Amino acid sequence: MKTAILGAGVSGLALARALVEGGFDPADLHLFEATDAVGGLCRSKTVDGFTYDVAGGHILYSKDAQTAAWMKAAGGGEDAFVESVRNTKIRFGDRFVKYPFENGLGDLPAEANFDCVKGYVEAWRERLASGSAAPADFGAWVRWRFGDGIAAHFMDPYNEKVWKRSLDHLTSDWVAGRVPEAPIDDVLRGAVGISTEGYTHQSRFAYPRRGGFGAITDGLAGPLADRVRLSTPVTRLAREGEDWAVDGERFDCVVVTLSLTDLPGLIEGVPVDVGRAMSELEYNSLASLLVALDRPEHTDLSWVYLPHPEQGPANRITYLSNYSPDNAPDGRSSFLCEVTGRGGEALPGAELTGDVLAGLERAGLLEQGEVLFTDRSDVRQAYVVFDHAYAERRRVSLAWLEENDLFPLGRFARFDYDNSDQCVIKARALAPVLLERTRAGGRS
Ligand SMILES: Cc1cc2nc3c(=O)[nH]c(=O)nc-3n(C[C@H](O)[C@H](O)[C@H](O)COP(=O)(O)OP(=O)(O)OC[C@H]3O[C@@H](n4cnc5c(N)ncnc54)[C@H](O)[C@@H]3O)c2cc1C
């Protein structure tokens, strides 16, 4: 069954590998990749001995141990990875606050600690007394769950920085299942200085020793190298009888890992309402700024959140040279700063670098004299935005693709907040479906 996989990010590559592992003839596989390298959002880049991930700091973590093991095997096996214990903080004025914030209130200045504890207790009491359901607006949800103090000191400014929208434009759907509720006793213990764990999600993670996170996608692509057509952007998908033609070449099966928002411009015959649903899905872009430092690493931090405007435009910095010593030359270190942009709008220009560095200096995380150089990578689509129209637009879009015998797979092809492990899980679940279709003679 001649199969086209559009896009050679982790989703497309994992599907191709899983198909071949399941007995699919590699000669029937054709991956189309617009850029000159595989990996998509998982790609990494090395500049003068400093390696960084082009779409923000990535870690390998999965609740599914088998998936993590499969990804490690692709990336060179267990020994090719560094295991770390997550050490994440929030920068607050001149101090670090333990993450998650609600477990670290004792690290705050006394007044802010009081505001947060008071608000947390009031919100807890209110939920208990009223039995109220979680509000659908994200902004209201933050207050319902954490109270006014945590909202004002952390959640509101941090989320406004990341999402570039009023928080009531967003729904609370995306946090469901992602933010476990801290027991009130733990919050109170933390507030008076007794250490509590908080949630242990991603408390240990892995990262490739060499080559950045992209070593995983490079490894996935290795055996498929001759099946990937690099620098081959797909520009047109059209029906030919029961099949689809990709830029005029006919295929029995087409898997799409490209963004839903781009499909109306590529696929012939998308109905107007479906095209509108696809193209109006909201997203955010990202600028990733590597800061190469002329100093050895002097912390054991994994990453730090920067919620406040005076800390500059970056919302997070990742201490990449702590992930793997190979990410920086001997005696030097690096971190990676992430700045989001509102989808469809241009990211800031060259002034961004100065603004980020000045913010980090004000936050006490950097001294200008230490900076060797910076390097920037932008990605057009980094975050799915969960606005109130999201669920319906996504439903309409996916239903049409599936009705029309196209297989959407991946973070932006399904418009899901999926990490790479979830992309792999979904790719490996799709492989048996396609293998069955092959056995059935090309069509299910
Ligand atoms: C800031 C940030 C932090 C993250 N952190 C983590 C993390 O710590 N751990 C983790 O596991 N995941 C993390 N992720 C998520 C992870 O990056 C994604 O889930 C994953 O990379 C998505 O892979 P994909 O293959 O579905 O999509 P993509 O990587 O977007 O791949 C799509 C591919 O299609 C190609 N393409 C686009 N248009 C065309 C065209 N017309 N023709 C041909 N090819 C085309 C693109 O070039 C790209 O290679 C993070 C993401 C972001 C943005």
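Tabulated results
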| quantity | calculated |
| --- | --- |
| For the stretch 311-328 and the stretch 399-444, distance of Cα centres in Å | 34 Å |
| For the chain, built as a Gaussian network whose Cα springs stay under 10 Å, the top-fluctuating residue of Gly57, Gly214, Gly354 | Gly354 |
| Relative contact order of the stretch 99-191, defined on C-alpha pairs under 8 angstrom at six or more residues apart (%) | 41 percent |
| Compactness of the stretch 238-329 - radius of gyration and Dmax, Cα, Å | 22.2, 63 |
| Exposure of Lys118 as accessible area (Å², to 10), given a probe of 1.4 Å and all protein chains | 100 Å² |
| Accessible area of Ser302 in the full protein assembly, 1.4 Å probe (Å², nearest 10) | 10 Å² |
| The stretch 283-384, accessible area per residue, ligands and nucleic acids excluded (1.4 Å, Å²) | 36 Å² |
| Cα-based radius of gyration of the stretch 84-211 once divided by 2.2 N^0.38 Å, which approximates compact folds | 1.10 |
| Heavy-atom surface of the stretch 99-191, accessible at 1.4 Å and reported per residue (Å²) | 44 Å² |
| Hits among aspartates and glutamates - C-alpha to C-alpha of Lys2 under 16 Å, sequence gap 8 or more where chains match | Asp25, Asp28, Asp226, Glu240, Glu242, Asp243, Asp247, Glu249, Asp252, Asp405, Glu436 |
| Heavy atoms of Arg127: accessible area, 1.4 Å probe, square angstrom to 10 | 30 Å² |
| Value of [θ]222 nm, deg cm²/dmol, for the chain, DSSP H segments ≥ 4, -39500 (n - 2.57) each, nearest 500 | -9500 deg cm²/dmol |
| Portion, in percent, of the accessible area of the stretch 99-191 that falls on carbon or sulfur, probe 1.4 Å | 55 percent |
| Protein accessible area in the stretch 375-444, 1.4 Å probe - carbon and sulfur % | 51 percent |
| Net charge, Phe101 excluded, C-beta distance under 11 Å - Lys, Arg +1, Asp, Glu -1 | 0 |
| Cα-based reach from Lys161 at 19 Å (exclusive), listing lysines while leaving out same-chain residues under 8 positions away | Lys89 |
| Relative contact order %, the chain, counting alpha carbon pairs below 8 Å whose residues are six or more apart | 25 percent |
| Rg followed by Dmax, in Å, when the chain is reduced to its Cα trace | 22.8, 70 |
| Summed residue charge, Cβ within 11 Å of Leu365's Cβ, Lys/Arg positive, Asp/Glu negative | -1 |
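The values are calculated or read from the model by the stated rules, or taken from the named source; none is laboratory data. These numbers come from a predicted model, not from an experiment. Glycine gets a Cβ as well: all are built from the backbone with ideal geometry, and neighbour counts include every protein chain shown. Quick note on the areas: whole protein, heavy atoms, side chains included, nothing else; ligands and nucleic acids left out. Shrake-Rupley method; radii C 1.70, N 1.55, O 1.52, S 1.80 Å.
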